[in-house]
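The values are calculated or read from the model by the stated rules, or taken from the named source; none is laboratory data. The structure presented is a predicted model; accordingly, all values stated were derived computationally and were not measured. Ideal geometry is used to build each Cβ from the backbone, glycine not excepted, and the neighbour counts take in all protein chains shown.
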Amino acid sequence: MFSLAAALALIGVSVLGCTFGGVPAATPSATPEPVAPYEASYEEAPCPTPNVEGTHLLDLGPEYTCGYLTVPETRSDPDGPTVRIAVATVRAVSPTPASDPIVYLDGGPGAPALVSAANAVAAGMNAEHDVVFVDQRGTYHSDPFLSCPEQDAFYAEAVGLAASDPAMAEKSDAATAACRDRLVDDGVLLDSFNTAENAADIADLRVAMGIDEWNLYGVSYGTALALTVLRDHPEGVRSVVLDSVVPPNTRWTADFWPTSAAAFDQMYAACAAQPACAAAYPDLEAEFTDTINRLEAEPLVVPVTTASGETVSVVVDGYKLANVAVLRLATGPAYSADLPELIHEIASGDGTGIASSVIQYLPAAGLVGLGLQWSVFCSEDIPRTSLDEVVALASEALPEFPETVLSQLPQVPRFFADCEIWDVAPADEHAHADTVSDVPVLFLGGTFDAVTAPYWQDAATPFLSASQVVNFPGLGHQVILQNPCPVVVINSFLADPEAPVAEPCIAEVTAPVFTVP
């Protein structure tokens, strides 16, 4: 999961990704199970105030209208419990807006779209179109909210433990089990929080809101959701924008480290191409790899003063250094520009910058629907691979990294153990079927995205006959929040989805200038 606390400018960015590279063979598309008749309803309601306690900059102003979609928790049991899905619609800035809104599908899974709204609007997403932000089932303003305060507490404690410490595994397992037991005791049907039900929610929302046609925007896991909507519920979908794509026809977990390796290579190449960076860090790759190995053998303990004034002892081992690199590259130029300098500093014995980043990238406590995240991962991807395979693929991509680092996943180190505890049923094969469509689709990516690499696009584009791709040098994960150009490109695409995108600003986006001493 990509930390919401990483930066206020990137609230809502989350990360899930999946592919094993190259162009896959077409996956036979099984027919979804028939669904019993049910009624979905949408009712307007006051917008949540405050949107996030103590963060007034994220409040939803008078330009928003809000409401709730009510649907069965499990569509195969239409008379069973229901879920309420929070929705906020912001008006377009244009006095003559387009008639087809954008629906914003956030990542994670579990990121709160209503919390992401302020930053998406600041980026210009509602210039010409109304934007409908949906807190997917299980997320922040929806009911039930599948939060895991037990995990939040564990993440805060984990900064003081080495990732390979047996105490880390014990505490992680206990937190996952406690969250699961509490949600189940509360009556939550964990098997019903998945992409299939999520996609049906989005399709029902369009009809319930009386919208004839709309455009899907998905980021990270939201792209998997958008592609599932396009595949299973294509009615009313005018176009699709996929920012940092996660194709559902690929295996997510198996490619996490190879994706990171591709972004590391982009960083090395960009540094080598800048004379000042090349002179300051002539052996960046070797320095990074050697330091990861050294810290994995002998972790560094670094005192860090938090924003609240508390001093915390942060244990920086090889895994945490590698993971911070993944997250800083993904968060974009404002965070990746000083990464070579931070690597050089910790290689020289000063771990202050990396340790501070470990604190900075802690998940925002109480904002993420971790129950949705676990249920999706554990039903839809973990059953399709194994830890042995993950380590083997990671070792091919990063042969000099220690196995103790590669046996833990970036961002979510213990997903295999977590999923054993979470214990949801594997998704059926239709969940992984290709999305075949002639609806116009725009892919956006960043070459520094260490979470969902641009090459993942190759798993989806062969089956989308009206697709086009724009990748931006030096941008990371969720490109719309890292540079003005991606939103210009989106608005150009939405104005005429059949026309090739050729905005001049695309050529002006370059890798960040790395900081040097």
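In region 79-113, which residues are touching a residue at least 60 places away in the same chain (Cβ under 8 Å), within 8 Å of residue 134 (Cα to Cα) and of a type in the set (A, V, I, L, M)?
Correct list: 85, 87, 103, 105, 113.
Within region 420-452, take every residue that is small (Gly, Ala, Ser) and assigned to a loop (DSSP other than H, G, I, E, B) and give me the one that is surrounded by the fewest Cβ atoms within 10 Å (Cβ to Cβ).
425
Could you go through region 282-293 and let me know if any residue there is under 21 Å from the mean Cα position of the chain (by Cα), buried (at least 20 other Cβ atoms within 10 Å of the Cβ) and touching a residue at least 12 places away in the same chain (Cβ under 8 Å). Steps first, please.
Step one: filter region 282-293 for residues under 21 Å from the mean Cα position of the chain (by Cα), giving none.
Taking every residue of region 282-293 in turn, none turns out to be under 21 Å from the mean Cα position of the chain (by Cα), buried (at least 20 other Cβ atoms within 10 Å of the Cβ) and touching a residue at least 12 places away in the same chain (Cβ under 8 Å).
Identify the residue in region 488-517 that is surrounded by 19 or more Cβ atoms within 10 Å (Cβ to Cβ), in contact (Cβ under 8 Å) with a residue 40 or more places away in the chain and of a type in the set (Val, Ile, Thr) and, among all such residues, is nearest to residue 127 (Cα to Cα).
Residue satisfying both the conditions and the ranking: 490.
Could you name every one of the strands (runs of 3 or more DSSP E) located completely within region 63-168 that has at least 3 residues being of a type in the set (A, V, I, L, M) and modelled with pLDDT of 95 or more?
82-90, 102-105, 131-134
Only one of 322, 272, 280 is at pLDDT 95 or above and either under 30 Å from residue 225 (Cβ atoms) or basic (Lys, Arg) (or both). Can you tell me which?
Numbers: 272 fails: either under 30 Å from residue 225 (Cβ atoms) or basic (Lys, Arg) (or both); 280 fails: either under 30 Å from residue 225 (Cβ atoms) or basic (Lys, Arg) (or both).
Just one listed residue meets the conditions, 322.
Determine whether residue 250 is within 28 Å of the chain's Cα centre (by Cα), buried (at least 22 other Cβ atoms within 10 Å of the Cβ), under 30 Å from residue 101 (Cβ atoms) and modelled with pLDDT under 95.
Yes.
Filtering region 221-240 down to residues that are of a type in the set (S, T, N, Q) and within 22 Å of residue 430 (Cβ to Cβ), which residue is surrounded by the fewest Cβ atoms within 10 Å (Cβ to Cβ)?
Of all residues in region 221-240, those of a type in the set (S, T, N, Q) come to 223, 228, 239.
When the remaining residues are screened for being within 22 Å of residue 430 (Cβ to Cβ), the result is 223, 228.
Working: 223: 32, 228: 25.
Across region 221-240, the extreme among qualifying residues is 228.
Among residues belonging to region 38-62 that are part of a strand (DSSP E or B) and of a type in the set (D, E, K, R), point out the one that is nearest to residue 83 (Cα to Cα).
The qualifying residue nearest to residue 83 (Cα to Cα) is 43.
Which residue is nearest to residue 331 (Cα to Cα), if the candidates are limited to region 218-247 and must be more than 12 Å from the chain's Cα centre (by Cα) and in a loop (DSSP other than H, G, I, E, B)?
247
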